[in-house]
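Notes to accompany the following structure.
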Amino acid sequence: MTEPRDRATRKADTLALLATPAIDVWVASAASAGAPHLVPLSLAWVDERVVIAVDETSVTARNLATSRVARLAVGPSRDLVMIDAALDRAVGVLADEALGAAYAAQADWDPRTSPGYVFLVLRPVRIQAWREANEIPDRTLMRDGAWLV
């Protein structure tokens, strides 16, 4: 087992991971009374927000419109970032040029050519990061939307 990273290092590593080109995120959402729904999507980290692109009629879009919350997982099981997030806004892919350009620059595709797609902008509420069991006690880096480090 490697030595645990301090929180400042974990935050820096987390931000670097979230800014990685063509990174994927697992997005878990649920309607208020529905079963959980889990999908892998491309991620962009824009202005301290997670941005995903989905078809506006998808289960993920409908669930987030209803519940306004999601749980996200980025990275492998031994270098994991978990994010509890709230829906900030849904934006048509052609409605915000800067957001579309930022998403396309990081993600592995450009949804602006896909009719019916929307960007879901998610505000992190809690972020946890850990590699091994020795980092679990101090895994929370953000709580109530505020960085702890």
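Figures for the structure shown
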{"read-out": "Filter result (open to solvent by 40 Å² or more (accessible area, probe 1.4 Å) and either at pLDDT below 95 or closer than 23 Å to residue 142 by Cβ (or both)) within the stretch 46-61", "value": "47, 48, 49"}
{"read-out": "Residue tally, condition β-branched (Val, Ile, Thr) and buried (at least 20 other Cβ atoms within 10 Å of the Cβ), over the stretch 62-97", "value": "4"}
{"read-out": "Candidate set: the stretch 7-25, residues that are open to solvent by 50 Å² or more (accessible area, probe 1.4 Å) and in contact with a Leu (Cβ under 8 Å, 6 or more places away or on another chain); chosen: the one nearest to residue 111 (Cα to Cα)", "value": "24"}
{"read-out": "Checklist (1) within 10 Å of residue 53 (Cβ to Cβ); (2) outside any helix (DSSP H, G or I) applied to residue 124, failing item", "value": "(1)"}
{"read-out": "Residue that is modelled with the highest pLDDT [pool: residues in the stretch 119-142 that are open to solvent by 20 Å² or more (accessible area, probe 1.4 Å) and among the aliphatic types (A, V, I, L, M)]", "value": "125"}
{"read-out": "Of all residues making up the stretch 26-43, the number that are open to solvent by less than 60 Å² (accessible area, probe 1.4 Å) and closer than 15 Å to residue 69 by Cβ", "value": "7"}
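To keep it simple, each residue is scored yes or no on (1) open to solvent by 20 Å² or more (accessible area, probe 1.4 Å); (2) farther than 16 Å from residue 45 by Cβ; (3) modelled with pLDDT under 95.
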site: 101; (1), (2), (3): yes, no, no
site: 104; (1), (2), (3): yes, no, no
site: 114; (1), (2), (3): yes, yes, yes
site: 117; (1), (2), (3): yes, yes, no
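The values are calculated or read from the model by the stated rules, or taken from the named source; none is laboratory data. Quick caveat, the model's predicted, so the values are computed rather than measured. Don't worry about glycine lacking a Cβ; one is built from the backbone with ideal geometry, like all the others, and counts go over all protein chains shown. The accessibility values were calculated without ligands, DNA or RNA, using every heavy atom of the protein model including side chains. Shrake-Rupley method; radii C 1.70, N 1.55, O 1.52, S 1.80 Å.
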